[in-house]
Amino acid sequence: MTSPLVSEVAHSGLTVTDLDDALALWCSGLGFTLERTFTLDAPTTVATTGVDGATIRAATVTLGDHRVELLQYDPPRAAHADGSPATIGTAHIALTVSDLDRVLDLCARHGWRPVGAPHRMTSGARTGTRITYLEGERGGFLELISPQTIPEPG
């Protein structure tokens, strides 16, 4: 038997407007740990991403085994949100949260807004779970998942 071609998911990535603000949200607010920061010069940026004439300030943050890479391009590209979660190729990062309303308030202070009303799933494996999608003010999507808390019998 041959070994699999892919052994793990290395990270999820999100392009952000302001790396310092993103780190405040992801680390101070959401509880991720800063693993490292780094800068890619213009030649490395174009060789890696195909984006010419830019450098990247970046950071990797972790929660458990998952890594999120936050990337700030300089100069930035699109100055507005121009996507939809329904656009083919769009990715999102899903986070399991304990207090959806508190996380929504926190994210709003960093420019993220719900694209629909938070709602409770009424069927399937996630029955009772509250879920919503957020869009960043400059693009990107987060999904917040707040599992139902089952009260202890008693």
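The values are calculated or read from the model by the stated rules, or taken from the named source; none is laboratory data. Quantities reported herein were computed from a predicted structural model and do not represent experimental measurements. Methodologically, a virtual Cβ is constructed for each residue, glycine included, from the backbone with ideal geometry; neighbour enumeration extends over all protein chains shown.
Annotation note: Cβ proximity below 7 Å between a residue of the stretch 50-79 that is in the same structural domain as Asp21 (by TED's automatic domain parsing) and within 16 Å of Gly140 (Cβ to Cβ) and a residue that is surrounded by fewer than 17 Cβ atoms within 10 Å (Cβ to Cβ) and of a type in the set (Phe, Trp, Tyr) (sequence gap 6+ or interchain) occurs for Ala58/Phe38.
Given the options Gly111, Gly13, name the one that is at positive phi and surrounded by 11 or more Cβ atoms within 10 Å (Cβ to Cβ). Give the derivation first.
Working: Gly13 fails: at positive phi.
The match here is Gly111.
For first residues located in the stretch 117-130 and surrounded by 10 or more Cβ atoms within 10 Å (Cβ to Cβ), partners that are part of a strand (DSSP E or B) and among the polar types (S, T, N, Q) and lie 6+ apart or on another chain with Cβ distances below 8 Å form the pairs Pro118/Thr132; His119/Thr132; Thr129/Ser146; Arg130/Ser146. Restricted to the stretch 93-112, and to residues there that are in a helix (DSSP H, G or I) and under 13 Å from Glu135 (Cα atoms), the residue that is nearest to the chain's Cα centre (by Cα) is Cys107.
I'd like to check which strands (runs of 3 or more DSSP E) are fully inside the stretch 1-74 and have at least 3 residues that are in contact with a Ser or Thr (Cβ under 9 Å, 6 or more places away or on another chain).
On the way: elements: 12-15, 33-40, 55-63, 66-74.
Those strands (runs of 3 or more DSSP E) span 33-40, 55-63, 66-74.
Among the residues examined, Asp21 qualifies as more than 30 Å from Gln148 (Cβ to Cβ), among the charged types (D, E, K, R) and surrounded by 13 or more Cβ atoms within 10 Å (Cβ to Cβ).
Number of residues in the stretch 1-35 that are under 17 Å from Ala108 (Cβ atoms) and not aliphatic (A, V, I, L, M) equals 6.
Conditions tested, residue by residue: (1) outside any loop (DSSP other than H, G, I, E, B); (2) among the β-branched types (Val, Ile, Thr); (3) at pLDDT below 85; (4) touching a strand residue (DSSP E or B) at 6+ places or on another chain (Cβ under 8 Å).
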| site | (1), (2), (3), (4) |
| --- | --- |
| Pro76 | no, no, yes, no |
| Pro85 | no, no, yes, yes |
| Ala91 | no, no, yes, yes |
| Thr132 | yes, yes, no, yes |
| Glu135 | yes, no, no, yes |
| Thr149 | no, yes, yes, no |
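A search for C-beta distances below 6 Å between a residue of the stretch 18-33 that is free of Cβ contacts under 8 Å to residues at least 40 places away in the same chain and any residue that is of a type outside the set (Asp, Glu) and in a helix (DSSP H, G or I), counting only pairs 6+ apart in sequence or on different chains, returns Phe32/Trp26.
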